[in-house]
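Worksheet: the structure to be examined is printed underneath.
We did not get these values from a lab; they are worked out from the coordinates using the rules stated. All values derive from a computational prediction rather than experimental measurement. Please note: Cβ atoms are built from the backbone with ideal geometry, for glycine as well, and neighbour counts cover all protein chains shown.
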Amino acid sequence: MPTPPKNRLNFTKTALVALPVPATGRAYHHDAKTPGLVLAITANNCRSFLVYRKLNGRPVKVTLGRFPPMTVEQARRRAAGVLAQLVNGIHPLEERRAVQARQITLREVLDDYLTARTLKPKTRELYRWLVTDPAGAFHHWQNRPLLDISRDLVEKRHRDLTARSPGVANLASTLLGALFNFARGKYEHNGRPLVEDNPVRRLTATGAWCDLGKRTGYLPTAKLPAWWRATEMLDPTPRDLLRLLLLTGLRKNEGAGLRWLHVDLAAKTLHVPETKNRRPLTLPLSDYLAALLAARLQEAQATGSPYVFPSPTGKGHYANALTASHAAAAQADTPGMVHDLRRTFITIAESLDIAAYAIKALVNHHTAADVTQGYLQINVERLRAPMQAVTDFILKAAGVKPTAEVAQLRKKM
């Protein structure tokens, strides 16, 4: 921005009002009394005060305000403060952004985190619930600046949440730690992170994390007849869903969200495009499951639902698998978590001496460090015999399928 002598004048209200409007672009006029104070005039006659000065060899422009709402004296006082910052190597705009960043709230960090991350809808809902819902974990902190959340506050909140639910306490604190790590990488000032500390580390240092233990529930073989009979007391949709989960090892939402679009009864396969580990899964259908789904398809054609297991309300898929599982478990005196059915499937598959890599493929497990697994290409037909073997074992153990062919003996005369 050149500063020829003809554009330098002593700023007064009268003098600035009299300055001409440029035909195009902008015209700049410099105050003779306060070096660095400039009035910019646009072709639309918009007049603004700004400060112009070099910082570390680079030109810096800082807008102060519009003229005439901002007076000459106000502009000179404001310019003096900005010029003092620049002389000390401080960029006023960066400092302003830093102040704003220091005031960023927990909820704002969550918003930025969810924008930056690719998460499943259920996960996004859960994180928002933890931060913003009164029944969550940090509702009373959501409008608190992130930097005001101390180690002592984190420790006390985790302790309070533990009294309510150890699982929620650990989950909420894990999310809070992730938000602090995210903020450390995103918000900075003069090349340094604004968030220097992650207060959630206190929980590790003090051993405060709850030991939840690993769930090991599954259906013992001796309990399969009682469990199968208990599912007969359920409505057809939850009954069939629980049986499909047991006979495929699918996770609850993978089975409940199954669409007819992804069922091929001719090829006897089902496809799950969205899985927990984001690796699509295609499974063969055993004879029993193919018949079960064929029967459900006949009923579905009357309702037109795209879901194999539709909600009773007609909107979305069936969402009460856990309630149904608890009801069956209470009747059969078995573990009641839906995931217990997946553990049962894997346990039975292993007991049948099915190859470990085939079991992994059936339940869509993947070990990143396993080089051999990376080379193996197991197609759906390779899994058909193992899937049928697991189904046959379960049906026989449950008393649904005879354990041996019954031959009619001829009476001796």
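With the charge dipole of the chain set up from +1 on Lys and Arg Cβ and -1 on Asp and Glu Cβ about the Cα centre, the Cα lying farthest toward the positive end among the listed residues 163, 52, 9 is that of 9. Dividing the radius of gyration of the alpha carbons in the chain by their Kirkwood radius gives 1.23 for Rg/Rh.
Taking only the C-alpha atoms, wrap a convex hull around the stretch 5-90 and report its volume per residue in Å³ as a whole number. Given the Cα convex hull of the stretch 5-90, per-residue volume reads 93 Å³.
Contact order for the stretch 5-90, expressed relative to its length and based on alpha carbon pairs under 8 Å spaced 6+ residues apart, stands at 22 percent.
Considering only 86, 289, 224, the Gaussian network model of the chain with Cα springs below 10 Å gives its largest mean-square fluctuation to 86. Length, then width, then depth: along the principal axes, the Cα atoms of the stretch 152-256 run 66, 28, 21 Å. Let me know the shape class of the stretch 242-326, please: from the alpha-carbon gyration tensor, a ≥ b ≥ c as square roots of the eigenvalues, rounded when a/c is under 1.5, otherwise prolate if a/b is greater than b/c, or oblate. Note, shape of the stretch 242-326 comes out rounded.
Which residue, chosen from 139, 153, 129, occupies the Cα position most advanced towards the positive end of the dipole of the stretch 122-224, where the dipole is computed from +1 (Lys, Arg) and -1 (Asp, Glu) charges on Cβ about the Cα centre? Result: 129. When the pairs 33/61; 252/276; 122/156 are compared against a 20 Å limit on Cα-Cα distance, 122/156 fall above it.
Only helices enter this figure: runs of n ≥ 4 DSSP H residues, each worth -39500 (n - 2.57), summed and divided by the residues of the chain, yield -14000 deg cm²/dmol at 222 nm to the nearest 500. Rounded, prolate or oblate for the stretch 102-205? Axes are the square roots of the Cα gyration tensor eigenvalues, ordered a ≥ b ≥ c, and the cut-off for rounded is a/c under 1.5. Verdict is oblate for the stretch 102-205. At what distance in angstrom do the alpha carbon centres of the stretch 22-69 and the stretch 312-367 lie from each other? Here the answer is 70 Å between Cα centres. Label the stretch 248-395 by shape, choosing from rounded, prolate and oblate, from the square roots a ≥ b ≥ c of the eigenvalues of the Cα gyration tensor; if a/c is under 1.5 it is rounded, and otherwise prolate applies when a/b is larger than b/c, oblate when it is not. Here the stretch 248-395 falls in the prolate category.
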